[in-house]
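A quick write-up on the structure given underneath.
The values are calculated or read from the model by the stated rules, or taken from the named source; none is laboratory data. In this text, all values refer to a predicted model and were calculated from it rather than measured experimentally. FYI the Cβ positions are ideal-geometry reconstructions off the backbone, even for glycines, and counts take in every protein chain you see.
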Amino acid sequence: QLYPAMKQAKSEYAGMLYDIAHDIRYMTVETKKILLREVQELDNSNIVVKHAQPMLAMLRGEEWIH
């Protein structure tokens, strides 16, 4: 919602803001893919892994985050 407002105000930063938002979204999606790939080999009996299960559920899409 910020980008259209800046564009309408003819802000010189509108394009830069759009690029930053696009890059952050790309990095977030790619990081999520890497995390999901790496957690497949975790030992589910480990107490640390058990405590991380709610966050892992969010990453798997069982609960939406972003």
## Note on the structure
Here the qualifying pairs (Cβ atoms under 9 Å; residues six or more apart or on different chains; first in the stretch 3-32 and under 22 Å from Arg60 (Cα atoms); second surrounded by 11 or more Cβ atoms within 10 Å (Cβ to Cβ)) come out as Lys32/Leu59
### Task
Filter the stretch 16-66 down to the residues that are surrounded by 10 or more Cβ atoms within 10 Å (Cβ to Cβ), more than 30 Å from Pro4 (Cβ to Cβ) and of a type in the set (Gly, Ala, Ser), then identify the one that is modelled with the highest pLDDT.
Ala52
### Task
For the stretch 11-66, enumerate the residues that are within 20 Å of the chain's Cα centre (by Cα) and among the aromatic types (Phe, Trp, Tyr).
Tyr18, Tyr26, Trp64
